[in-house]
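Take a look at the structure set out below.
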Amino acid sequence: LIIVPGAGLAVGPARLLAVVWREWLGLSVRFVPLSGFAISKPPGDVLILISQGLSPNACLALEQAGRFEHAVLMTSLLRYPNPGRERLRSLERWRAQGGIVWSLPPGEEAGMLLREQGPACASLGAMHWASQLGMASVPGVAEVLRACADRAPLHQAALLDTRNLALGGCGLHDELFHGLGWKLLEGLWRQPPRTLDVLQLAHGPVQGFWEEPM
């Protein structure tokens with residue numbers, strides 16, 4: 001069993017990795033909140049930890065690398081100009097327990113809580129890793145990108161109030177949309193947008209848009 005913990009914006013790529021590896025690679029993978037490590041070691045054989053700069057929350061799992069058969073850390077810390085002594089010590093403890101470090105872009109994103117590039121790089125890393133494990137591509141991704149390139153960008157005003165913003169998808173959209181919703185929460189200080197299944201729209205939501213446009 002592979003477990004992938006996360007907190008903050010790292011939850012997005014962690015959930016993405018878990019659902020893609022489980023559904024398209026057939027592996028036994030599940031996402032677990034980092035708070036689970038504050039109680040006890042979640043059951044599992046392999047730990048994949050995603051943390052752009054080794055946050056204090058990530059250290060809850062970081063200290064338990066030796067309790068797993070294999071442990072991999074996806075981080076950008078080694079690309080920081082000044083990573084800090086304490087975080088480098090945490091990295092040394094991870095390696096001393098047998099943990100592997102996969103250094104990913106970008107460099108340090110300082111000055112605000114929102115991480116714009118890091119979660120995207122971690123998500124791409126998860127997809128690249130999946131391709132190395134035998135998955136050629138995620139079904140539909142290329143078609144979606146081509147369709148989006150031909151359309152006008154979403155008007156900024158639509159993002160100012162996410163109470164009137166919904167994300168529509170199909171299948172496992174709740175897991176795949178989590179990172180985008182959380183980025184809107186941290187970036188705009190709004191509640192995450194609703195996620196709706198395309199076939200569920202006719203069972204209530206679309207009628208409600210007459211009173212409050214979505």
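The values are calculated or read from the model by the stated rules, or taken from the named source; none is laboratory data. These figures come from a predicted structure and were not determined experimentally. Ideal geometry is used to build each Cβ from the backbone, glycine not excepted, and the neighbour counts take in all protein chains shown. Side chains included, ligands, DNA and RNA excluded: accessible areas come from the protein's heavy atoms. Shrake-Rupley method; radii C 1.70, N 1.55, O 1.52, S 1.80 Å.
Key figures
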quantity: Proximal charge balance of V19 [Cβ under 11 Å; K/R count +1, D/E count -1]; calculated: 0
quantity: Within the accessible area of the stretch 53-124 (1.4 Å probe), percent carbon and sulfur; calculated: 54
quantity: Cα gyration tensor, the stretch 26-102 - rounded (a/c under 1.5), prolate or oblate; calculated: prolate
quantity: Solvent accessible area, Å² - F177, 1.4 Å probe, full protein context; calculated: 60
quantity: Highest-first arrangement of 194-204, 97-107, where packing means the average Cβ count within 10 Å; calculated: 97-107, 194-204
